[in-house]
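Here is the structure we will look at, set down as structure tokens.
The values are calculated or read from the model by the stated rules, or taken from the named source; none is laboratory data. Bear in mind that the values here come from a model prediction, so they are computed numbers and not experimental data. Here the Cβ positions follow ideal geometry from the backbone for every residue, glycine too, while neighbour counts run over all protein chains shown.
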């Protein structure tokens, strides 16, 4: 059974720092991995999607990497801003309509 | 372009009551999904549909029913509400699951 774990559960850093969020998964047979942002009381916003054949994807200050063999993905946020405060979720697509989510990392950027 | 729209946004039910959570998308996506999110947890799949007239169970289907009579709509039915169904419910759709999903803003349901 695929399990997805995100560590840490919560992270608080001062504004301007670069930071890394971690996601690990137990079964390397995946189609892709997606990072989402969730603001309080809101839905999920897709940030980056990495196909199983890719190593990384970039969008603005965000960079996501994927290492299938070790079952790991990281989301790197450069020059963090208070507006980056949110919960970040990673989800692994195993095919057959199965998107398995981690529990999320609650990120707080302090001005 | 509205994307995925869920109604209502909030609802309080009494134990044993029934209700339907509405989900509609205007992107002509074939794939639609219902997830629930409990506090501090990731999302878990309740039901999904790969096209009009086709539905299937996900990881946690007990206590729920769905239908998919049109491409646009995918309502989720709770027949006998229980406190364990207190959660936030998200609907999602996709043109191709290999290329990502679009989520609605959620319905926060409390059963008392």
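Screening the candidates A:34, A:51, A:38 for the property of being within 11 Å of another protein chain (Cβ to nearest Cβ), in contact with a strand residue (DSSP E or B) (Cβ under 7 Å, 6 or more places away or on another chain) and closer than 16 Å to residue A:107 by Cα yields one hit, A:38. Of note, residue A:7 satisfies the criterion of being surrounded by fewer than 16 Cβ atoms within 10 Å (Cβ to Cβ), touching a strand residue (DSSP E or B) at 6+ places or on another chain (Cβ under 7 Å) and modelled with pLDDT under 95. Of the strands (runs of 3 or more DSSP E) lying entirely inside the range B:14-90, not one contains at least 3 residues that are more than 13 Å from chain A (Cβ to nearest Cβ) and surrounded by 19 or more Cβ atoms within 10 Å (Cβ to Cβ). The range A:13-111 holds strands (runs of 3 or more DSSP E) entirely within its bounds, and those carrying 3 or more residues that are under 28 Å from residue B:6 (Cβ atoms) and without any contact (Cβ under 8 Å) to a residue 24 or more places away in the chain map to A:44-51. Taking the range B:1-13 as the range and being part of a loop (DSSP other than H, G, I, E, B), more than 12 Å from chain A (Cβ to nearest Cβ) and within 19 Å of residue B:87 (Cα to Cα) as the test, only B:8 passes.
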